[in-house]
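The structure appears right after this line, and notes come after that.
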Amino acid sequence: MEMLRYSLVQRLLHWLIVILVLALIVIGSLLGRLGFDGVKDLVGIEMTNQLYTYHKTFGILVLILMVLRLVLRRVLAFPAYQPPLHWFQRAASLTVHSLLYVALILMPVLGWLATAAGGYPVQFFGATLPGLIGKDEALSETLFQYHAWVGWTILTLIVVHVAAAVYHWKIRRDGVMQRISLI
């Protein structure tokens, strides 16, 4: 019998990463637009420090979960499209999914490096992770700019991904959504 859905672990990882990434985009946008002082003026120093800590922690968590997703994708089978997709839809799906995987791994790596280059601690829950590179303010600024660009890329890919999902769910009604849904 042909598998019609991803494994439960793969589906849970997908939706956990969705929640984390959306929260990270919101927090990252706030931190990026207002900067440390702007956020501090808005919510106070304690909450500002917590937001930065949460952003770093959940970013590293996304990196770990994405690596786990890649491993599971190689180890576990994944369902064929039933009915099969047109070649263009298969190519578009593969492109968007591949770009999302690359971007969701690149994004936290850039954040980690930018943070370290800025001389700030790279926090993961209660631990401080190694910085990986030395302090370099100019490099930090450049890496944070790349981090922001990748964030906009992720947001664009999410919009395309969600639009395709809604198209398959509401217009084509072809069962594609069942592959990743939790219900």
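The values are calculated or read from the model by the stated rules, or taken from the named source; none is laboratory data. Computed from a predicted model, the values in this text were never measured in an experiment. FYI the Cβ positions are ideal-geometry reconstructions off the backbone, even for glycines, and counts take in every protein chain you see. Surface areas here come from the heavy atoms of the whole protein model, side chains and all, with no ligands, DNA or RNA. Shrake-Rupley method; radii C 1.70, N 1.55, O 1.52, S 1.80 Å.
The table for this structure:
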| quantity | calculated |
| --- | --- |
| Cβ-derived FRET efficiency at R0 22 Å, Lys170 paired with His14, nearest 0.05 | 0.65 |
| Debye, to nearest 20: dipole size of the chain, +1 on Lys, Arg Cβ, -1 on Asp, Glu Cβ | 880 debye |
| Apportionment of accessible area to carbon and sulfur, region 42-183, percent (1.4 Å) | 71 percent |
| Ala91 versus Val26: modelled label distance in nm, points set 7 Å from Cα along the beta carbon direction | 3.8 nm |
| Protection-proxy order for peptides 9-15, 133-139, each taking the mean of Cβ atoms within 10 Å per residue, highest first | 9-15, 133-139 |
| Where the chain is the region considered: accessible area per residue in Å², 1.4 Å probe | 61 Å² |
| Inter-centroid distance (Cα atoms) of region 127-155 relative to region 88-123, Å | 11 Å |
| Debye intensity ratio in log₁₀ form over the Cα atoms of region 1-75, taken at each q of 0.14, 0.18, 0.22, 0.24 Å⁻¹ | -0.55, -0.74, -0.93, -1.03 |
| Cut-off 10 Å between beta-carbons: net charge of the residues surrounding Pro83, Lys and Arg +1, Asp and Glu -1 | 0 |
| Cβ-derived FRET efficiency at R0 30 Å, Arg73 paired with Glu141, nearest 0.05 | 0.30 |
| Dipole-positive endmost among Leu51, Leu61, Val162 within the chain (Cβ charges, Cα centre) | Val162 |
| Cross-link partners of Lys40 among lysines (Cα-Cα below 22 Å; sequence separation of 8 or more within a chain) | Lys56 |
| Region 30-131, relative contact order in percent, only Cα pairs under 8 angstrom and at least six apart counted | 34 percent |
| On Cα atoms only, tilt of 45-75 relative to the major axis of the chain in degrees | 30 degrees |
| Segment Ile133-Gln178, extension gain: residue separation times 0.36 nm, minus the distance between their alpha carbons | 11.9 nm |
| For the chain: relative contact order, % (alpha-carbon pairs under 8 angstrom, 6 or more apart) | 28 percent |
